[in-house]
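Trainee: Quick one: this structure, given as structure tokens, is what I'll be asking you about.
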Amino acid sequence: MLRLVVIFQLVFLSFFCFAKTSRREINACCISQNKQMQLLSLSFYEFDQTPGEGWRPYVDETNCYESAGQLIEAYLDINNTSLKSWQKHTLNWHSGRMYALAGENTQAKLRWKESLKDADQEDVFILWKSYIIASIAFLDRDFPTLLRERNKIAQGPVFNGIKTHLTEVDRLIQFFEHSYLAAQSAAAPYKVPQACAKP
């Protein structure tokens, strides 16, 4: 059964690449089936927590946000039974963030709402629920909710001398009338996607 799921996910990702190629667009995001198999079989720490590994090169090098979101979602589906709750939470958050950066707000909110389900216990130093709800409120253009959750974070715990994620949420307020990408790019200039070599 797992093998069938893996094959389905590979076909899905391959179709995405084919669709882009058929529109004669510059294709910086396609991942070969062999590379997909390799990535989806990595441990959680290799796939998500290691700089320059897993899904991260497709963002760090080429800004392939939507492809990265799909890859993380496929990893979640295939490894769902072996992942811990906090790992699902983290992967759903990252997948949603990739979709939001790509302007795919509906899919981003779906992933973030899934992330909320696995964030039942607040971290002692991080108000994850408030951060996620604030991010969803930004996409929904719900300023009262965004401000309410921002204030919760501002009044929350301090970790290493800072209020974790307060700066990010303040940036969402500052760029409330803009896209999620614009808000995130305020701190790190946006890089124009470049074609990458196929693995």
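Trainee: In nm, what is the difference between 0.36 nm times the number of residues separating His178 and Glu46 and their Cα-Cα distance?
Mentor: Taking 0.36 nm per residue and subtracting the Cα distance, the gain is 44.2 nm.
Trainee: Rounded, prolate or oblate: which fits the stretch 66-178, taking a ≥ b ≥ c as square roots of the Cα gyration tensor eigenvalues, rounded meaning a/c under 1.5, else prolate when a/b beats b/c?
Mentor: Judged from the Cα gyration tensor, the stretch 66-178 comes out oblate (a/c at least 1.5, b/c at or above a/b).
Trainee: Another question, then. Can you work out ³J(HN,Hα) from phi for every residue in the stretch 152-163, in order, using Karplus 6.51 cos²θ - 1.76 cosθ + 1.60 and θ = phi - 60°, giving whole Hz and x for Gly and Pro?
Mentor: 3J(HN,Hα) across the stretch 152-163, in whole Hz: 4, 5, 4, 9, x, x, 9, 10, 6, x, 10, 8.
Trainee: Please compute the length gained on full extension between Asn151 and Asp77, using 0.36 nm multiplied by the number of residues separating them and subtracting their Cα-Cα distance.
Mentor: Net length gain for the segment: 23.2 nm.
Trainee: Next question, about the same structure. Using amide H atoms built 1.01 Å from N in the peptide plane, name the residues 5+ places from Phe159, or on other chains, whose amide H lies under 5 Å from its own.
Mentor: Distant-sequence amide H within range of Phe159: Thr164.
Trainee: On to the next question. List, in order, the whole-Hz ³J(HN,Hα) value for each residue of the stretch 138-143 obtained from phi through the Karplus relation with A = 6.51, B = -1.76, C = 1.60 and θ = phi - 60°; use x for Gly and Pro.
Mentor: 4, 5, 7, 6, 9, 5
Here, each number is a calculation from the coordinates, and none is a lab measurement. All of these numbers come straight from a predicted model, not from anything done at the bench.
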